[in-house]
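Written out below as structure tokens is the structure these notes cover.
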Amino acid sequence: MTQIGVLVGNPRPASRTAQAALALREALAATLGVPVEGPVVEAAELAPAVFTEPEKIKAALETLGQSDFLVVVTPTYKAAYTGLLKAVLDQAPPAWLRGKIVLPLQIAAADKHALAVEVHLRPVLAELGAVVPQAFFLNEAALPADVTDFDLDALKVLR
């Protein structure tokens with residue numbers, strides 16, 4: 001069974017960022033012709049444990065690491081990704097994503113941040129061993145109130 005995991009770096013749980021990640025996962029599953037299955041980990045739910053319960057973070061990362069594919073999504077904070085996502089990824093073991101296909105998606109309020117996913121997030125994922133064939137950017141103005149209205153054409157594909 002093909003597993004497509006999702007790691008959401010938004011500090012707010014059940015965010016529109018998470019909805020966008022789930023929509024991208026559904027699109028990937030449709031492209032691969034597989035059911036939509038796999039773990040979803042929201043960094044917001046891990047936040048209280050990030051610096052105090054490393055075993056909890058390690059377990060979440062281990063669960064995600066068993067996925068065949070991974071979608072990593074974050075809002076843009078200070079022209080980069082969230083510190084919470086960084087704190088979670090910093091606890092990943094070396095080569096945690098070795099050979100895994102990872103699709104990063106970064107969301108920002110302005111198109112001027114479109115390259116942040118390439119400049120900041122892709123290198124961290126590559127350091128962890130990920131294969132990143134494409135990175136995606138989405139202007140938050142294109143985020144619908146309801147995920148069922150999500151338009152994948154709004155994603156900017158960055159290579």
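The values are calculated or read from the model by the stated rules, or taken from the named source; none is laboratory data. These numbers come from a predicted model, not from an experiment. Counting neighbours? That spans all protein chains shown, and the Cβs are built from the backbone with ideal geometry, glycine included. Only protein heavy atoms, including side chains, enter the accessible area calculation; ligands, DNA and RNA are left aside. Shrake-Rupley method; radii C 1.70, N 1.55, O 1.52, S 1.80 Å.
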Report summary line: Apart from one, (1) under 12 Å from the mean Cα position of the chain (by Cα); (2) more than 18 Å from ALA130 (Cβ to Cβ) all hold for GLN106; the odd one out is (2)
Query - Pairs where the first residue, in segment 6-19, is without any contact (Cβ under 8 Å) to a residue 40 or more places away in the chain and more than 15 Å from GLU140 (Cβ to Cβ) and the second is open to solvent by 10 Å² or more (accessible area, probe 1.4 Å) and of a type in the set (Asp, Glu), C-beta under 7 Å, 6+ apart - result: PRO13/GLU42; PRO13/GLU45
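So which residues in segment 88-100 are more than 13 Å from VAL124 (Cα to Cα) and buried (at least 18 other Cβ atoms within 10 Å of the Cβ), if there are any at all? Can you show your working first?
Residues of segment 88-100 more than 13 Å from VAL124 (Cα to Cα): 99-100.
Hit for segment 88-100 is LYS100, nothing else.
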**Report entry** Of all residues making up segment 31-89, the number that are under 24 Å from GLN134 (Cβ atoms), without any contact (Cβ under 8 Å) to a residue 60 or more places away in the chain and of a type in the set (Phe, Trp, Tyr)
**Finding:** 1
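Evaluate segment 6-17: report whether one residue or more is assigned to a helix (DSSP H, G or I) and touching a helix residue (DSSP H, G or I) at 6+ places or on another chain (Cβ under 8 Å). Please lay out each step first, then the result.
Within segment 6-17, the subset assigned to a helix (DSSP H, G or I) is 16-17.
Subsequent filtering for residues that are touching a helix residue (DSSP H, G or I) at 6+ places or on another chain (Cβ under 8 Å) retains 16.
Within segment 6-17, one or more residues are assigned to a helix (DSSP H, G or I) and touching a helix residue (DSSP H, G or I) at 6+ places or on another chain (Cβ under 8 Å).
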Query - Subset of segment 136-149 that is part of a helix (DSSP H, G or I) and open to solvent by 70 Å² or more (accessible area, probe 1.4 Å) - its residue that is nearest to VAL72 (Cα to Cα) - result: GLU140
**Report entry** Extreme residue, farthest from GLN19 (Cα to Cα), among residues of segment 101-117 that are open to solvent by less than 40 Å² (accessible area, probe 1.4 Å) and part of a helix (DSSP H, G or I)
**Finding:** ALA116
Report task. Can you tell me which residue within segment 119-135, out of those that are part of a helix (DSSP H, G or I) and open to solvent by less than 40 Å² (accessible area, probe 1.4 Å), is farthest from ALA59 (Cα to Cα)? Result -> LEU121
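From the set of residues in segment 25-48 that are part of a helix (DSSP H, G or I) and in contact with a helix residue (DSSP H, G or I) (Cβ under 8 Å, 6 or more places away or on another chain), which is most open to solvent (accessible area, probe 1.4 Å)? Outline the logic, then answer.
Just the residues of segment 25-48 that are part of a helix (DSSP H, G or I), to begin with: 25-32, 43-48.
Filter once more, so that each one left must be in contact with a helix residue (DSSP H, G or I) (Cβ under 8 Å, 6 or more places away or on another chain): 27, 43-44, 46-47.
Details: ALA27: 24, ALA43: 0, ALA44: 16, LEU46: 14, ALA47: 45 Å².
Among them, the one singled out is ALA47.
Matching residues to (1) hydrophobic (A, V, I, L, M, F, W, C); (2) in contact with a Ser or Thr (Cβ under 8 Å, 6 or more places away or on another chain); (3) surrounded by 16 or more Cβ atoms within 10 Å (Cβ to Cβ):
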residue: GLU53; (1), (2), (3): no, no, no
residue: SER67; (1), (2), (3): no, no, yes
residue: LEU70; (1), (2), (3): yes, no, yes
residue: THR76; (1), (2), (3): no, no, yes
residue: ALA79; (1), (2), (3): yes, no, no
residue: LYS86; (1), (2), (3): no, no, yes
